[in-house]
Amino acid sequence: MEKEVAGFFAHARGSVKAVESPWQRVAAFRIRTSVNIPGPVILTQAAISQKGNYQFLHTLNDSIFVYVFGDRIGELLLSGMAFADGCDIGGEGHTPVLETYDAVKISTAAQPIIVNFGNKTFECLVTGMDMRVENAETMIGQWTFKLSSFPAID
């Protein structure tokens, strides 16, 4: 006789609930920010792009001179999922994301936000965001904050 197993993920569409796990995991890397988005949202992706500020000068006789002027401003993306409802916390996931963006965007914020990417700390300005409904049937949204990041603070 086969044993019946309860549906662990049976829930209302568009809702999410945090489940405590008995296992301790050590994250391979950590992302921390000075911004807290309340409500049923999950950070799912982080990306960073950096570039030097330089110039190559090609001259006669195949000589190439390199002038280095330091670092350019970088780009940092924070992306996640927003749910229509949090089973135990309530609220609509899309609204807190939009409200948080309004509070921290470059035209409103008085100071940069801090983002720790692994063991590096960056001061960032929130320069844009995207918000879209990825799956209307399950009421799950996708959001991305676009940040301009200054070189890491050591």
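General remarks:
- With R₀ fixed at 30 Å, the C-beta to C-beta distance from Glu134 to Thr108 puts the FRET efficiency at about 0.65.
- Label-point separation, Asn53 to Ser34 (7 Å along Cα→Cβ), nm: 2.2
Where a number appears in this text, it was derived from the coordinates with a stated rule and is not lab data. Source: prediction; values computed, not measured. Heads up, the Cβs are rebuilt from the backbone with ideal geometry, glycines too, and the neighbour counts pull from every protein chain shown.
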